[in-house]
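Visitor: Here it is: the structure, laid out below.
The values are calculated or read from the model by the stated rules, or taken from the named source; none is laboratory data. Just so we're clear, the structure is a prediction, and the values are computed from it rather than from any experiment. Backbone-built Cβ (ideal geometry, glycine too); neighbour counts: all protein chains shown. For accessibility, only protein heavy atoms count, side chains too; no ligands or nucleic acids. Shrake-Rupley method; radii C 1.70, N 1.55, O 1.52, S 1.80 Å.
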Amino acid sequence: QVQLVESGGGLVQPGGSLRLSCAASGNIFSIKDMNWYRQAPGKQRELVAGITHDGSTNYSDSVKGRFTIFRDNAKNMVYLQMNSLKPEDTAVYYCNADRVLLPTGYRLGVWGQGTQVTVSS
């Protein structure tokens, strides 16, 4: 059994910053890629940023230079530092673990419940 729990969302003014955290719990041996997605009202869920187990990162063009993803493998956590936030960043942000190695084998495509980020003055 594995669970992802996000935290750190909230209301912030344009130009402000937030840091999202995602904690993976369970009897986890390792996690391959970890990602942050977001979904705004009326829009499809989109990939915001991803990070491999060894720390390679990728970002959507809309957040490149403003957001930073990083992880702590020892703690099974991934973070998203969001700076220079814009109203169009408003969305529910979801943590995703691509492939989780458990004693029973791999668990694919694990999602958190999401955390709301609202950027508004």
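Visitor: If you go through segment 76-92 one residue at a time, do you hit one that is open to solvent by less than 70 Å² (accessible area, probe 1.4 Å), at pLDDT below 95 and out of contact with any helix residue (DSSP H, G or I) (no Cβ under 7 Å at 6 or more places or on another chain)?
Guide: Among the residues of segment 76-92, not one is open to solvent by less than 70 Å² (accessible area, probe 1.4 Å), at pLDDT below 95 and out of contact with any helix residue (DSSP H, G or I) (no Cβ under 7 Å at 6 or more places or on another chain), which makes the answer no.
Visitor: Give the residues of segment 1-13 that are open to solvent by 70 Å² or more (accessible area, probe 1.4 Å), modelled with pLDDT of 95 or more and more than 14 Å from the chain's Cα centre (by Cα), sorted by residue number.
Guide: Result: L11, Q13.
Visitor: Among the residues of segment 47-56, which ones are touching a residue at least 12 places away in the same chain (Cβ under 8 Å), open to solvent by 60 Å² or more (accessible area, probe 1.4 Å) and over 20 Å from S17 (Cα atoms)?
Guide: H53
Visitor: What's the number of the only condition in (1) open to solvent by 30 Å² or more (accessible area, probe 1.4 Å); (2) within 20 Å of V12 (Cβ to Cβ); (3) hydroxyl-bearing (S, T, Y) that T104 fails to meet?
Guide: Against the list (1) open to solvent by 30 Å² or more (accessible area, probe 1.4 Å); (2) within 20 Å of V12 (Cβ to Cβ); (3) hydroxyl-bearing (S, T, Y), T104 comes up short only on (2).
Visitor: Within segment 54-97, track down each residue that is in contact with a strand residue (DSSP E or B) (Cβ under 6 Å, 6 or more places away or on another chain) and either small (G, A, S) or on the phi > 0 side of the Ramachandran plot (or both).
Guide: S60, N76, A91, A97
Visitor: Here's another thing I want to ask about it. Can you pull out every residue in segment 107-120 that is open to solvent by 20 Å² or more (accessible area, probe 1.4 Å), touching a residue at least 12 places away in the same chain (Cβ under 8 Å) and more than 16 Å from R19 (Cβ to Cβ)?
Guide: R107, G109, W111, Q113, S120
Visitor: Additional query: Residue check: is K32 within 13 Å of D89 (Cα to Cα) and exposed (fewer than 15 other Cβ atoms within 10 Å of the Cβ)?
Guide: No.
Visitor: Okay, next question. Starting from residues that are closer than 13 Å to Q3 by Cα and modelled with pLDDT under 95, keep the ones in segment 103-121 and report whichever is nearest to the chain's Cα centre (by Cα).
Guide: Of everything passing the filter in segment 103-121, G109 is nearest to the chain's Cα centre (by Cα).
Visitor: When residues of segment 14-64 are filtered for being among the β-branched types (V, I, T) and more than 15 Å from the chain's Cα centre (by Cα), how many remain?
Guide: 1
Visitor: Scan segment 1-30 for residues that are within 25 Å of D61 (Cα to Cα) and among the hydrophobic types (A, V, I, L, M, F, W, C) and jot them down.
Guide: L11, V12, L18, L20, C22, listed by residue number.
Visitor: Okay, moving on. Please find, among G16, G26, the residue that is touching a residue at least 40 places away in the same chain (Cβ under 8 Å) and within 13 Å of M82 (Cβ to Cβ).
Guide: G16
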